[in-house]
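S.K.: Before anything else, here's the structure in question.
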Amino acid sequence: MVDYSSLFVRVLGFFLLITLGLTLGHILSNVLYKILHDMEVDKILKKQLHLRFSLEKHLSSFLKYLVYGFALIVGLTQLGVPARVLWIFFFAVLVLIVLFLLFAFKDWIPSVLSGVYILHTQKIKRGETIRTEGFTGKVVKVNLLETKFQVKNKEMIFVPNSLLMKQEIEVMKGKI
């Protein structure tokens, strides 16, 4: 015989937990967005890296969906689905997302690290004439991702900092 009152309580608990999770996810997402917006994270990214990527929006959305997933797991546990299976599934999806992000930014991360090194040590400065294996040019701008050079025929060359750090660089006196 099926105990309908127990089933009703579990289903009601599931819907209450889902509603609470949706509300909490939305609120936390808005709070994180406000904090990141007040820190002007997107402006810094645009200024330093010349990226038109809204990190504020994407991180707050990620937090929202993380809370939604957590609420879904807790809700399904309330219905009687084994928690261990749900947590394994949740962490597997989380690992896949992290791996996807690492692969998506695999070329970007070394350039940023090289850019931080170049800017910190001032190995390459604006206005210097540099000779590398591929060209000779005047440094126009150095940022976290790339260095901009002007070569003989007044053309601009953008070199990722990670590639620049792998080459032998000679600082020359005078013009190009």
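S.K.: When you go through (1) acidic (Asp, Glu); (2) out of contact with any Asp or Glu (no Cβ under 8 Å at 6 or more places or on another chain); (3) surrounded by 15 or more Cβ atoms within 10 Å (Cβ to Cβ) one by one for ASP42, which number turns out not to apply?
M.R.: (2)
S.K.: Can you tell me which residue among ALA92, ALA71 is buried (at least 16 other Cβ atoms within 10 Å of the Cβ), at pLDDT 85 or above and among the small types (Gly, Ala, Ser)?
M.R.: ALA71
S.K.: Would you confirm whether or not the stretch 7-15 contains a residue that is surrounded by fewer than 11 Cβ atoms within 10 Å (Cβ to Cβ), outside the structural domain of VAL159 (by TED's automatic domain parsing) and more than 30 Å from GLU146 (Cβ to Cβ)?
M.R.: Within the stretch 7-15, one or more residues are surrounded by fewer than 11 Cβ atoms within 10 Å (Cβ to Cβ), outside the structural domain of VAL159 (by TED's automatic domain parsing) and more than 30 Å from GLU146 (Cβ to Cβ).
S.K.: Could you list, in sequence order, all residues of the stretch 140-153 that are closer than 16 Å to GLY127 by Cβ and either charged (D, E, K, R) or out of contact with any Lys or Arg (no Cβ under 6 Å at 6 or more places or on another chain) (or both)?
M.R.: Restricting attention to the stretch 140-153, the residues satisfying the condition of being closer than 16 Å to GLY127 by Cβ are 140-143, 147-151.
The answer is LYS141, VAL142, ASN143, THR147, LYS148, PHE149, VAL151.
S.K.: If you go through the stretch 1-16 one residue at a time, do you hit one that is within 15 Å of the chain's Cα centre (by Cα) and in a helix (DSSP H, G or I)?
M.R.: No; the residues of the stretch 1-16 include none that is within 15 Å of the chain's Cα centre (by Cα) and in a helix (DSSP H, G or I).
S.K.: Which pairs turn up if I take residues in the stretch 74-96 that are within 22 Å of LEU12 (Cα to Cα) and look for partners that are assigned to a helix (DSSP H, G or I) and of a type in the set (S, T, N, Q) with beta carbon separation below 7 Å, at least 6 apart in sequence or on another chain?
M.R.: ALA83/THR77; LEU86/THR77
S.K.: Is at least one residue of the stretch 47-66 assigned to a helix (DSSP H, G or I), small (Gly, Ala, Ser), within 25 Å of LEU145 (Cβ to Cβ) and within 20 Å of the chain's Cα centre (by Cα)?
M.R.: yes
S.K.: Looking at the stretch 48-56, is at least one residue within 30 Å of PHE158 (Cβ to Cβ), in contact with a strand residue (DSSP E or B) (Cβ under 6 Å, 6 or more places away or on another chain) and in contact (Cβ under 8 Å) with a residue 40 or more places away in the chain?
M.R.: Residues of the stretch 48-56 that are within 30 Å of PHE158 (Cβ to Cβ), as a first pass: 48-56.
Checking which are in contact with a strand residue (DSSP E or B) (Cβ under 6 Å, 6 or more places away or on another chain) leaves us with none.
Scanning the stretch 48-56 turns up no residue that is within 30 Å of PHE158 (Cβ to Cβ), in contact with a strand residue (DSSP E or B) (Cβ under 6 Å, 6 or more places away or on another chain) and in contact (Cβ under 8 Å) with a residue 40 or more places away in the chain.
The values are calculated or read from the model by the stated rules, or taken from the named source; none is laboratory data. Treat the numbers as computed from the prediction; the structure is a model and nothing was measured. We place every Cβ from the backbone using ideal geometry, glycine too, and count neighbours over all the protein chains shown.
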